[in-house]
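Below: the structure, in structure tokens.
The values are calculated or read from the model by the stated rules, or taken from the named source; none is laboratory data. Values in this document were obtained by computation on a predicted structure and should not be read as measured data. Cβ coordinates were reconstructed from backbone atoms using ideal geometry, including for glycine residues, and neighbour counts include every protein chain displayed.
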Amino acid sequence: MVDPGPMTVEQVPLDATDELRRRVLRPDEPPDSVFWPGFEVDGAATFAVLDPLEHPISTVTVMPEPCPWRPDEAVPWRLRGMATDGGFRGRGLGRLVLDAAVDHVVGSGATLLWCNARIRAEPFYRRAGFTVDGEEFDVSGIGPHFPMSLMLPPPGGSDIG
């Protein structure tokens, strides 16, 4: 594989990442299996690292959504659909899109960022400052997950991770 050079993160339309998310997260499912309710809520944002041909190679979407295990949290946001092309893993691209998403939600006044993390992704999220907030659970047809969250600093506050 040719080195794609320096990578940057861009905010992109959600549908620009459909194929990547399906291929990485739900390869045996139909194309619409990666379009979840809430993706089109006001404020939702999708971030991606693009290859030189403008194809997304790493992505994540964040949206305002109540946290099921912290229903009283003032301004919770959810992280969803995080995926990095297998040929580009281990290069820090997931962290680039995650950092862009965290910056976005902090700038929006969020107090908490939460997700249902696949078991194999739990170490990645821990390194980024997330904590496991409960017991492992199974998502039908997808596999085991952990509920995880990240308490956010106020805008202009200290950096995370």
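Yes/no per residue for (1) more than 23 Å from Asp18 (Cβ to Cβ); (2) within 16 Å of the chain's Cα centre (by Cα):
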residue: Gly87; (1), (2): no, no
residue: Asp103; (1), (2): yes, yes
residue: Gly109; (1), (2): yes, no
residue: Pro123; (1), (2): yes, yes
residue: Met148; (1), (2): yes, yes
Exercise. Restricted to the stretch 43-74, and to residues that are among the small types (Gly, Ala, Ser) and either on the phi > 0 side of the Ramachandran plot or touching a Pro at 6+ places or on another chain (Cβ under 8 Å) (or both), which residue is modelled with the highest pLDDT?
Worked result: Ala48
For this session: Confirm whether Asp51 is surrounded by fewer than 19 Cβ atoms within 10 Å (Cβ to Cβ), closer than 23 Å to Pro13 by Cα and acidic (Asp, Glu).
Result: yes
Exercise. Would you pick out the residues in the stretch 44-66 that are touching a helix residue (DSSP H, G or I) at 6+ places or on another chain (Cβ under 7 Å) and not aromatic (Phe, Trp, Tyr)?
Worked result: Ala45, Thr46, Ala48, Val49, Pro56, Ile57, Ser58, Thr59, Val60, Thr61, Val62
Exercise. Across the stretch 1-42, which residue is modelled with the highest pLDDT among those that are outside any loop (DSSP other than H, G, I, E, B) and small (Gly, Ala, Ser)?
Worked result: Ala16
Exercise. Residue check: is Gly129 over 10 Å from Leu150 (Cβ atoms), more than 12 Å from the chain's Cα centre (by Cα) and modelled with pLDDT of 90 or more?
Worked result: no
Exercise. What number of residues within the stretch 126-141 are free of Cβ contacts under 8 Å to residues at least 60 places away in the same chain, more than 20 Å from Glu29 (Cα to Cα), not in a helix (DSSP H, G or I) and not polar (S, T, N, Q)?
Worked result: 7
Exercise. What do you reckon, is Leu93 more than 18 Å from Ser149 (Cβ to Cβ) and surrounded by fewer than 17 Cβ atoms within 10 Å (Cβ to Cβ)?
Worked result: no
Problem set entry | Unique residue being without any contact (Cβ under 8 Å) to a residue 60 or more places away in the chain, loosely packed, with under 15 Cβ neighbours inside 10 Å and part of a strand (DSSP E or B) when the list is Pro123, Pro144, Pro153 | Pro144
Exercise. Going through the stretch 99-120 one residue at a time, which ones are surrounded by fewer than 17 Cβ atoms within 10 Å (Cβ to Cβ) and among the aliphatic types (A, V, I, L, M)?
Worked result: Ile119
For this session: Working only within the stretch 61-87, note down all residues that are touching a residue at least 60 places away in the same chain (Cβ under 8 Å) and not aliphatic (A, V, I, L, M).
Result: Cys67, Pro68, Trp69, Arg70, Gly81, Thr84, Asp85, Gly86, Gly87
